[in-house]
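This report refers to the structure that appears directly beneath it.
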């Protein structure tokens, strides 16, 4: 008997629902789906607890884990000065 993988049929980015049929997604793919500028925006995984997880462009998120399908974007901040 095969174990059923807990994978969502969709993900959420900035509270908007997107269909996604793969087991994994990268930060670059998340930005592309959200239609934000790759160079000036970051993306975070919305997780339970005080600290959300910054997702780099080449980071791979395993969507088969429970509670991994929520993300949000924001302008990159600089501390130069």
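Assorted remarks:
- Residue match in region 25-33 (condition: part of a strand (DSSP E or B), in contact with a strand residue (DSSP E or B) (Cβ under 6 Å, 6 or more places away or on another chain), at pLDDT 95 or above and farther than 20 Å from residue 76 by Cα): yes
- Any hit, region 52-62, residues being assigned to a helix (DSSP H, G or I), surrounded by 12 or more Cβ atoms within 10 Å (Cβ to Cβ) and under 10 Å from the mean Cα position of the chain (by Cα): no
- Number of residues in region 63-81 that are closer than 20 Å to residue 37 by Cβ, assigned to a loop (DSSP other than H, G, I, E, B) and modelled with pLDDT of 85 or more: the value is 1.
The values are calculated or read from the model by the stated rules, or taken from the named source; none is laboratory data. Computed from a predicted structure; not experimentally measured. Neighbour counts run over all protein chains shown; Cβ positions are idealised from the backbone, glycine included.
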